[in-house]
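In what follows, a single structure is set out as C-alpha cells and then discussed.
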Amino acid sequence: MLLKLDPEHPEESKLRYIAECLRDDGIIIYPTDTVYGIGCNILKPKAIEKVCRIKGIKVEKANFSFIFYDLSHLSDFTKPLDNTTYKIMRKALPGPFTFILHAGNMIPKIFRTRKKTIGIRVPDNTICRGIVKELGSPLMNSSLHDEDDEITEYMNNPEEIHKKYHKIVDMVIDGGFGKFDPSTVVDCSGGGINIIRQGLGVIEGY
C-alpha cells in the first residue's frame, strides 16, 4: 500500500500503523534526508532475510546501515567511542551521514558471525525518525537503487516507487520527492576520520 504522511508533522496514528507493520515482520520503503530507503525492524530476522532477497544479496555479505532516532542508545549497538568521534557525530547528526563504527554485542544475531562494524544513520527527516521512535528499535536500512535507469541511480518519486515495489513490500511511505544524492559515509573504525563516500553531508576539515 501507499501511505502518505505529512513531511513536517507526520500523523501519530499513521506512525503507529507503520510500527505495527514492522513488528509483524513488515518491509517498508520510506523517505530519509537523502534518497528513499528500504528496510525493516532490526529485531526481525525473517524480515532482514526478505530485504536481502529483494536486494539480491546474502545476509552474511550485507552492509546495511541502522537508522536511530538519536544517539541515546548508540552504546547498545557499538563499542565505546573516543571523544573526537562522538563530538563529530553530535555536531553532524541528525544529518545526511552514515558513520561506520565498531559493532557492539547487541547487534542482531543474524549479523553477529561476521559483522565487525556497523553503519549508523540519524537522518534529518521527521517521518523516518518518527517511525523509529514509535517502533522503539532501530531500522535496518538500505538505499533504494533504480536498476532500470542508466542515468539516475536512485528512485525519488514515491508513486513510481509504489508502482514498482507494491507487490514485494508491505508499505511505501509517501513523504514527498526524495533526493538523488546519498549520505556521506564516514569510516571511524580505524582510529580516525576517513570519508569513503562523499554524499550530501560535509564535515568541515575533512
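Bear in mind these aren't lab numbers, they're just calculated from the coordinates by the rules spelled out. No experiment lies behind these values; they were computed from the predicted model shown. Every residue, glycine as well, gets a Cβ built from its backbone with ideal geometry; the counts of neighbours run over all protein chains shown.
Strictly over 30 Å apart at the Cα level, which of Lys79/Lys164; Lys55/Lys87; Lys109/Lys179; Lys58/Lys167 would you flag in this model? In this structure, Lys79/Lys164; Lys55/Lys87; Lys109/Lys179 lie more than 30 Å apart at Cα.
Residues Tyr69, Tyr154, Tyr17 in ascending order of nearby Cβ atoms (within 10 Å, fewest first): Tyr17, Tyr154, Tyr69. Among Arg121, Arg53, sorting on how many other beta-carbon atoms sit within 10 Å of each Cβ, with the fewest leading, yields Arg53, Arg121.
Counting neighbouring Cβ atoms within 10 Å and putting the fewest first, the residues His9, His166 line up as His9, His166. Scaled to the globular estimate 2.2 N^0.38 Å, the Cα spread of segment 1-140, given as radius of gyration, is 1.01. Shown in residue order for segment 35-44 are the 3J(HN,Hα) couplings computed by the Karplus curve 6.51 cos²θ - 1.76 cosθ + 1.60 at θ = phi - 60°: 8, 5, x, 10, x, 7, 5, 5, 8, 10 Hz (x for Gly and Pro).
Each label was represented as a point 7 Å from its Cα along the Cα-to-Cβ direction; for His145 and Ile54 these points are 1.6 nm apart.
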